[in-house]
1. Suppose we keep only residues that are touching a helix residue (DSSP H, G or I) at 6+ places or on another chain (Cβ under 6 Å) and open to solvent by 50 Å² or more (accessible area, probe 1.4 Å) within the range 189-222. Which one would you say is nearest to the ligand (Cβ to nearest atom)?
2. Restricting to the range 102-127, name every residue that is closer than 18 Å to residue 172 by Cα and either surrounded by fewer than 19 Cβ atoms within 10 Å (Cβ to Cβ) or among the hydrophobic types (A, V, I, L, M, F, W, C) (or both).
3. Is it the case that some residue within the range 45-56 is away from the ligand (no atom under 16 Å from the Cβ) and at pLDDT below 95?
4. Select, from 11, 33, the only residue that is open to solvent by 30 Å² or more (accessible area, probe 1.4 Å), assigned to a helix (DSSP H, G or I) and not hydrophobic (A, V, I, L, M, F, W, C).
5. Residue under question is residue 81, and the condition is that it be in a loop (DSSP other than H, G, I, E, B), assigned by TED's automatic domain parsing to the domain that holds residue 172 and over 20 Å from the mean Cα position of the chain (by Cα); does it hold?
6. Give the range 36-54 a look and list any residue that's among the aliphatic types (A, V, I, L, M), assigned to a helix (DSSP H, G or I) and crowded, with 22+ Cβ neighbours inside 10 Å, or say none.
7. Within 13 Å of the ligand (Cβ to nearest atom), of a type in the set (A, V, I, L, M, F, W, C) and either open to solvent by 50 Å² or more (accessible area, probe 1.4 Å) or more than 15 Å from the chain's Cα centre (by Cα) (or both): does that describe residue 186?
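The values are calculated or read from the model by the stated rules, or taken from the named source; none is laboratory data. Here the structure is a predicted model, which means the values were calculated and not measured. Every residue, glycine as well, gets a Cβ built from its backbone with ideal geometry; the counts of neighbours run over all protein chains shown. What goes into the accessible areas is simple: the full protein's heavy atoms, side chains included, and nothing from ligands, DNA or RNA. Shrake-Rupley method; radii C 1.70, N 1.55, O 1.52, S 1.80 Å.
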Amino acid sequence: MGISNGAERLRAAYAAQPFLLAPMAGVTDAAYRIMCRRRGAEMAYSEMVSVAGLAYASNKTWRLVLPEDEEPQICVQLFGSKPEQFASAVDAVQERVGDKLSLIDINMACPARKVITKGEGSALMETPDLAAQIVRAAVERAQVPVTVKMRIAFRTGERTAPALARMLEDAGADAVAVHGRTAKQLYTGTADWSIIDEVADAVTIPVVGSGDVFSAEDAVRMLTTTKAEAVFVARGTYGNPWVFDDARALASAATPVPVRSAHERLEALREHLELVHRYLPLMARARTFATWYLKGMPHAAAWRGQVVRCTSFEDFMSLVDEIEADVAACEDILAQGGTLPPLPAV
Ligand SMILES: Cc1cc2nc3c(=O)[nH]c(=O)nc-3n(C[C@H](O)[C@H](O)[C@H](O)COP(=O)(O)O)c2cc1C
């Protein structure tokens, strides 16, 4: 079946807020998405979900896909290599997510070994006919736009994205995102944004750019210097969920990006911990993101060592109290012209 105006629907959504929370496995859970949504992310992606897994999915797998009450929408990213499994997964996701589903994205970008050895993720860039069959199978069932996320190519030295994007547009894709690295590069080197224009020149559907967007300034630079109609913010959200509002204000009114105080960042960390506690509640995940909020604070290295010892919500919250007291003590010392002690002052 498919929808006829998918590309135009996406264009309108991108024009309203071009900065999107990118899919990140192990990161973009409901708590993470809500942190970003409360600060301007209007389109947020699930972690990638296996179409094979969805056929006999547990509630644990569905947790990756189903939005919480506070989330007005979700973009669900699927990975796999069998067209018929994509077709059934699209049906199942539409049925379970309902009206909150904004789009289905197909992962042709993941470079992880356990994914590519099964011909999934970025390996699909090597099998364009199969990639097109997968898009057709998804589009046939979808009542929402179907999009694809890819890289420059699977192999370094090749640039297969523009021709593949063209094929996938013909197969019914409503937008395509391109990460300016090859699969073989993993996350190393510098992202090559020129691929975004090469893809945009090859298709008529909107193109989303990705790669090395580490700040609101980077996000706006990608939007204004390339033909991307939207920009994925991935690692640039680490400890900085404000990046969406900041980028929009910078792009629309040249509002300079505010510097956030340690107090503000610790308040955001408390909010994030509360969301994880309420929705997941996988507190081990907090060990990763908690350290992101501490970047640049006094004694951050010592606190990072403490973060990895926390196991419960209460452990994390009392550690944040300790960090806040230390930050206040350090600010007092500095205000009086003193030098910071080598270890936390509390
Ligand atoms: C921890 C992590 C997990 C990721 N998981 C996914 C994923 O599930 N699906 C996907 O398409 N891309 C995934 N990506 C790639 C990002 O969406 C993005 O394209 C990439 O990080 C490049 O952007 P950046 O350099 O601005 O971070 C992941 C990246 C990171 C760092």
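1. Out of the qualifying residues, it is 214.
2. Applying the first criterion (closer than 18 Å to residue 172 by Cα) to the range 102-127 yields 102-108, 124-125, 127.
Across the range 102-127, the qualifying residues are 103, 104, 106, 108, 124, 125, 127.
3. Kept after step one, since they are away from the ligand (no atom under 16 Å from the Cβ), are these residues of the range 45-56: 55-56.
Then drop every residue that is not at pLDDT below 95, which leaves 55-56.
Within the range 45-56, one or more residues are away from the ligand (no atom under 16 Å from the Cβ) and at pLDDT below 95.
4. Working: 33 fails: open to solvent by 30 Å² or more (accessible area, probe 1.4 Å).
Residue meeting the stated conditions: 11.
5. On the way: in a loop (DSSP other than H, G, I, E, B): yes; assigned by TED's automatic domain parsing to the domain that holds residue 172: yes; over 20 Å from the mean Cα position of the chain (by Cα): yes.
In short, yes.
6. As a first pass, look at the range 36-54 and keep what is among the aliphatic types (A, V, I, L, M): 41, 43-44, 48-49, 51-52, 54.
Subsequent filtering for residues that are assigned to a helix (DSSP H, G or I) retains 51-52, 54.
Selection gives 51, 54.
7. On the way: within 13 Å of the ligand (Cβ to nearest atom): yes; of a type in the set (A, V, I, L, M, F, W, C): yes; either open to solvent by 50 Å² or more (accessible area, probe 1.4 Å) or more than 15 Å from the chain's Cα centre (by Cα) (or both): yes.
Yes, satisfied.
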